[in-house]
Amino acid sequence: METENNTSVGQITGLKEKVVTSIKQVYDPEIPVDVYELGLIYEITVYPVNNVYVLMTLTSPNCPSAEFIPSEVKDKIQQIQGVNNVEVELTFDPPYSQDMMSEAAKLELGFL
């Protein structure tokens, strides 16, 4: 039994890494940094049946790309072989702040 569980955990971890790589291909058109490094992704959950749930935000509720970015995130994840269902939920709680950016994003944007 342990081997099966470890394999499942390993497969989920591998799929989650592919999801992160796919999300890193999505950019806010106004900022030259991907949405993952910007800190817009709050949660990524991969379920054992290869369903993926992403909880994310935008830089502001009035973001002109509000419809475009979440749908592009979903599209990129759906292109991963083996993924079944993808759900992307948008939230503004907690509100986005620049503190959520990765060090790489802050460096790229000149905040460091």
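Considering segment 62-74 alone, what residues qualify as being farther than 20 Å from Thr13 by Cα and free of Cβ contacts under 8 Å to residues at least 40 places away in the same chain? Listed by number, the residues that qualify are Asn62, Cys63, Pro64, Ser65, Ala66, Glu67, Phe68, Pro70, Ser71. Of the residues Tyr36, Tyr42, Tyr96, only one is in a strand (DSSP E or B) and surrounded by 12 or more Cβ atoms within 10 Å (Cβ to Cβ); which? Only one candidate passes the filter, namely Tyr42. For segment 14-24, the criterion of being in a helix (DSSP H, G or I), surrounded by 15 or more Cβ atoms within 10 Å (Cβ to Cβ) and among the hydroxyl-bearing types (Ser, Thr, Tyr) is met by at least one residue.
Matching residues to (1) among the charged types (D, E, K, R); (2) touching a residue at least 60 places away in the same chain (Cβ under 8 Å); (3) touching a helix residue (DSSP H, G or I) at 6+ places or on another chain (Cβ under 9 Å); (4) surrounded by 14 or more Cβ atoms within 10 Å (Cβ to Cβ):
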{"residue": "Tyr47", "(1), (2), (3), (4)": "no, no, yes, no"}
{"residue": "Ser60", "(1), (2), (3), (4)": "no, no, no, no"}
{"residue": "Ile80", "(1), (2), (3), (4)": "no, yes, yes, yes"}
{"residue": "Ala105", "(1), (2), (3), (4)": "no, yes, yes, yes"}
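Take the conditions (1) out of contact with any helix residue (DSSP H, G or I) (no Cβ under 6 Å at 6 or more places or on another chain); (2) at pLDDT 95 or above; (3) closer than 20 Å to Pro95 by Cβ; Glu30 misses just one of them, which is (2). Do we have Glu87 as surrounded by 12 or more Cβ atoms within 10 Å (Cβ to Cβ) and either in contact with a strand residue (DSSP E or B) (Cβ under 9 Å, 6 or more places away or on another chain) or not in a loop (DSSP other than H, G, I, E, B) (or both) here? For Glu87, the condition - surrounded by 12 or more Cβ atoms within 10 Å (Cβ to Cβ) and either in contact with a strand residue (DSSP E or B) (Cβ under 9 Å, 6 or more places away or on another chain) or not in a loop (DSSP other than H, G, I, E, B) (or both) - is met.
The values are calculated or read from the model by the stated rules, or taken from the named source; none is laboratory data. All of these numbers come straight from a predicted model, not from anything done at the bench. Methodologically, a virtual Cβ is constructed for each residue, glycine included, from the backbone with ideal geometry; neighbour enumeration extends over all protein chains shown.
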